[in-house]
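Nothing in this text is a laboratory measurement; each read-out follows from the coordinates by a stated rule. What you see is a predicted model, and the numbers here were worked out from it, not measured in a lab. In this analysis, Cβ positions are derived from the backbone assuming ideal geometry, glycine residues included, and neighbour counts consider all displayed protein chains.
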Amino acid sequence: MPRVREIDDPGSDPVLQEVFAKEQDAFGFVLNTTKVQAHCPGIMRAAKALAAALDRSGLLEPQLLALVYLRVALINGCPF
């Protein structure tokens, strides 16, 4: 059971609607982190922008970035 209740419905918030729709299209579902961060859409958008900037920067090789994501997932007990 998550410590923070997940938000499953973006309601009428345009920021949440946009992000939920993008993830639904990309993954077929909305990521759990997005559902938790949806409590504060501004912070959610900033966190996603930070992750996207890291991907675009090219400072980390794709293989290393994949290992970083895997390690963080393992630390957090995430199944992927």
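When only Cα pairs below 8 angstrom with a gap of at least 6 residues are kept, the stretch 1-44 shows a relative contact order of 42 percent.
Among D8, D13, a tally of other beta-carbon atoms within 10 Å of each Cβ gives an order, fewest to most, of D8, D13. Taking R0 as 25 Å, what's the FRET efficiency between A73 and Q17 from their Cβ-Cβ distance, rounded to 0.05? That pair, A73 with Q17, gives E of 0.40.
A Cβ-based charge dipole, computed about the Cα centre of the chain with Lys and Arg at +1 and Asp and Glu at -1, lands at about 280 debye. Fewest neighbouring Cβ atoms within 10 Å first, the residues E61, E18, E23 line up as E61, E18, E23.
Taking other Cβ atoms within 10 Å as a rough exposure proxy, R45, R3 sort from fewest to most as R3, R45. Between C40 and A53, the simple spin-label model (points 7 angstrom out along Cα→Cβ) gives 1.7 nm. Of (1) 1.35; (2) 0.99; (3) 1.09, which one was derived for Rg/Rh (Cα atoms, Kirkwood Rh) from the structure shown? For Rg/Rh (Cα atoms, Kirkwood Rh), the calculated option is (2).
Of the residues L16, A38, V4, the one whose Cα sits farthest towards the positive end of the charge dipole of the chain is V4 (charges of +1 on Lys and Arg Cβ, -1 on Asp and Glu Cβ, taken about the Cα centre).
For the chain, the relative contact order is 22 percent, taking Cα pairs closer than 8 Å that sit 6 or more residues apart in sequence and dividing their mean separation by the residue count. Using R0 = 25 Å, the C-beta based FRET efficiency linking L65 and A26 works out to 0.90.
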